[in-house]
Structure formats: C-alpha cells, structure tokens
1. Would you call residue 77 farther than 26 Å from residue 233 by Cα, in contact with a strand residue (DSSP E or B) (Cβ under 7 Å, 6 or more places away or on another chain) and not in a helix (DSSP H, G or I)?
2. Given the residues 52, 114, 38, 95, which is the only one that is within 30 Å of residue 214 (Cβ to Cβ) and either surrounded by 17 or more Cβ atoms within 10 Å (Cβ to Cβ) or free of Cβ contacts under 8 Å to residues at least 24 places away in the same chain (or both)?
3. Which is in a helix (DSSP H, G or I), within 29 Å of residue 114 (Cβ to Cβ), touching a strand residue (DSSP E or B) at 6+ places or on another chain (Cβ under 8 Å) and modelled with pLDDT of 90 or more, of 237, 223?
4. When only residues in the stretch 147-159 that are more than 21 Å from residue 235 (Cβ to Cβ) and out of contact with any helix residue (DSSP H, G or I) (no Cβ under 8 Å at 6 or more places or on another chain) count, which is surrounded by the most Cβ atoms within 10 Å (Cβ to Cβ)?
5. Quick one: is residue 254 touching a helix residue (DSSP H, G or I) at 6+ places or on another chain (Cβ under 7 Å) and either modelled with pLDDT of 85 or more or assigned to a helix (DSSP H, G or I) (or both)?
6. Across the stretch 92-143, which residue is farthest from residue 180 (Cα to Cα) among those that are modelled with pLDDT under 90 and assigned to a helix (DSSP H, G or I)?
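The values are calculated or read from the model by the stated rules, or taken from the named source; none is laboratory data. In this text the structure is predicted, and so the values were computed from the model without any measurement. Every residue, glycine as well, gets a Cβ built from its backbone with ideal geometry; the counts of neighbours run over all protein chains shown.
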C-alpha cells in the first residue's frame with residue numbers, strides 16, 4: 001500500500017509539472033510569434049543598410065573615418081548576448097562554449113575584454129580569465145532601443161579612441177524553430193566591400209558633403225546592427241524555450257503513462273494476492 005501511495009503522489013507531481021511546462025510553452029509561443037514578426041519585418045532594413053554602407057564607403061573616395069580604420073588586433077572587445085532565464089535547452093550553453101573557445105584563441109595574440117549581456121553570460125564568465133568592462137543582467141528582454149544604443153556607442157567610443165582594435169559579437173541567430181545558429185561576427189572595424197571598376201561611373205554628387213553623410217551613416221549602421229543582434233537573439237531564445245517546454249510536456253506525458261502502468265500492475269498484483277489468500281482460507285475451512 002505505501003508503494004501505491006508513493007506512485008499516486010509522484011503521478012500527481014508530474015501532472016503538476018506538466019501543467020507548468022504547458023503554460024510556459026504557451027507563453028513562449030506568444031512571445032516567439034511577436035519576436036519573429038518584428039525580426040522578419042526588420043531584416044530587409046538591417047541587411048540592405050550594410051549594402052548602402054558598402055557603396056557609401058566605396059564612393060567616399062578614400063575619405064578617412066575612424067570606424068573604417070583597420071589596425072592590428074592587439075586589444076579586442078567582445079560583446080556576448082545571452083538570456084537572463086534558462087529552461088531553453090542548449091540555447092545559452094552552446095553559445096557560451098563557442099564564445100569561450102573563440103576568445104581564448106584571441107588571447108594568444110590579443111588582450112580580450114568583454115561586455116556581457118544576460119545573467120547566463122555573467123555567471124558563465126564570472127570565474128573565467130577575462131576582464132569585463134560592462135554588464136547588463138537585469139531584464140535583458142526589456143532593454144529599450146536607447147539602452148541598446150548606449151551599448152553600441154560604448155563600443156564605438158572604445159574603437160574610435162583606439163582603446164580596442166576590433167569588436168566581435170557572439171549571439172544566437174534565428175534560423176528556424178528547431179535550432180538557432182551560433183554566430184560570432186566582427187562589428188568593428190567596418191570594412192567596405194570592393195566594387196568592380198565600372199562602379200566608378202556611378203559616383204554620386206554628395207549633398208551634403210561626404211563627411212556629414214558618413215558621420216551620420218556609420219554610427220547609425222553600428223547602432224542598428226547591435227539592435228539587430230538583440231532581435232535575433234530574442235527570437236531564437238523564445239523559439240528554443242518553446243521547443244524545450246514542448247519536449248518537457250511530452251516527456252511528462254510519457255512518464256505519467258509509465259507510472260500509471262506500474263501503478264496498475266501493483267494494484268493487480270495486490271488484488272490477485274488478496275484473492276489467493278481468500279481462496280486459501282476458504283479451502284482451509286472446507287477441509288475442517
């Protein structure tokens with residue numbers, strides 16, 4: 001009988017857990033749909049802006065801008081974007097392991113400092129041999145555009161004043177619901193793509209002058225790209241948590257079925273034993 005009581009309690013506990021995972025899946029599904037919509041609406045702007053930047057930098061006829069200057073990478077700044085919460089499968093752990101491997105490789109020839117976004121990144125790099133310049137670990141999901149722009153400006157200031165020679169960003173890029181793509185990309189310096197020679201026929205007349213345009217366009221590009229990375233990470237996070245909670249709900253259902261089967265077997269064995277005892281007692285009385 002105690003075994004039956006323990007099984008019933010365990011089944012009830014698993015059912016309660018299943019209700020929680022089902023609720024979390026529903027919440028994550030709603031958040032994912034919103035994040036996916038914002039991401040898909042913004043991608044054409046974020047992607048085409050890089051093409052515009054490439055043309056503008058090419059057309060600038062060699063005009064020097066601090067964000068375009070390439071230097072030997074003696075000091076590197078890394079921006080690592082994770083989430084505050086877990087229960088999202090390997091969403092955070094895989095990215096953090098890849099970022100750790102990448103920046104450890106960089107330490108062989110460069111000094112590496114980090115800007116950490118998300119409690120998972122902060123706790124992971126807490127005991128790692130990296131200097132941390134800035135931390136954002138409170139309500140990362142609710143960071144405003146102004147707060148994200150502040151991060152971008154901080155990175156640009158480090159680069160413009162030559163405190164660092166390159167800036168890399170590690171984040172999860174949303175590709176599909178099944179799995180995100182762990183991405184480490186160089187944000188600074190900005191490098192224009194080489195155009196074919198016949199593109200020289202397309203040189204524009206600048207209005208206003210090239211200096212004013214690049215001074216406005218290049219910082220805007222950096223800010224928009226950092227904003228883009230946050231949107232990619234947010235959509236990938238909600239997708240990963242939705243899938244993790246869906247798998248947890250299915251696993252709970254399977255566990256309930258297994259426990260119910262064991263419970264029924266024990267009950268059946270108990271009933272069979274009682275019947276045998278009754279039949280034995282009846283036979284004993286009949287022989288008297």
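1. The answer is no for residue 77.
2. The unique qualifying residue is 114.
3. Criteria check complete, one pass: 237.
4. Per the criteria, the residue is 158.
5. It is false that residue 254 is touching a helix residue (DSSP H, G or I) at 6+ places or on another chain (Cβ under 7 Å) and either modelled with pLDDT of 85 or more or assigned to a helix (DSSP H, G or I) (or both).
6. Within the stretch 92-143, the match that is farthest from residue 180 (Cα to Cα) is 142.
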